[in-house]
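Computed from the coordinates by the stated procedures, all read-outs in this text should not be read as laboratory data. Note that the structure is predicted; figures quoted are calculated from it, not measured. With ideal geometry, Cβ positions are generated from the backbone for all residues, glycine too; neighbour counts draw on all protein chains shown.
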Amino acid sequence: MCVTAKPSITSIPTANSVTEAKVFAWLEQSPLGALVRSLGVWSYGVINLVHILGIILLFGSILILDLRLLGAWRQIPLATLSQPTTRMAQIGFVLAVASGLPMLSVKTTDYIGNPFLLIKFPAIALALVNVWLVHRTIAWRAHRQRDLVPAEQRRLAQGAAFSLAFWLTAITSGRMIGYW
């Protein structure tokens, strides 16, 4: 008796999966992909190390700031933490992106249909939208000039909770990409 596997929903080609395949094939065949593949056996490991260091800077800074926004370390003024953590998060993000694209370009087509990749990038997008929204609140703009009222503190705490959820989702799914 021969048992065949049922086709899964993810194996049925859709317009999105065809577009994804074209974009992934383009990235893999790009000059960036060719360059990274030509650099030798150690290049991927070094690029991966830079990616990890970028994530450490990014998430470590975000974690400190978000925990402060959620109520930890209230004795430390928010303005004292916000400037250096925001700057370090920006540096970490640039390092993560600058190293993540070359890592992805090496064998991009291997990731077609990887559900974790399809979770990671929207989670990053949501996290960045959240940063944009929080930084445009009256509370964020005012935190360097005065003490915040409880309603403003709650608003920033909400943003911090969303931030942690989005970034942890991105990091977890990013880690899971290689196991798919």
Degrees, to the nearest 10: 41-69 long Cα axis against longest axis of the chain: 30 degrees
Magnitude of the charge dipole, segment 57-155, Cβ model with Lys/Arg +1 and Asp/Glu -1, debye to 20: 300 debye
14 Å reach of a label modelled at LYS22, 7 Å along Cα-to-Cβ, counting backbone N of segment 98-123: none
Dipole of the chain, positive direction: furthest Cα of TRP132, ALA165, VAL41, with charges on the beta-carbon: TRP132
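Share of Cα-Cα pairs in segment 25-113 beyond 14 Å, in percent?
68 percent
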Inter-part distance where segment 49-125 and segment 139-180 are each reduced to a Cα centre, Å: 11 Å
Rounded tilt (10° steps) of 115-135 against the dominant C-alpha axis of the chain: 20 degrees
Alpha-carbon Debye profile of segment 17-177, log10 I(q)/I(0) at 0.09 Å⁻¹: -0.37
Segment GLN29-ARG144, extension gain: residue separation times 0.36 nm, minus the distance between their alpha carbons: 36.7 nm
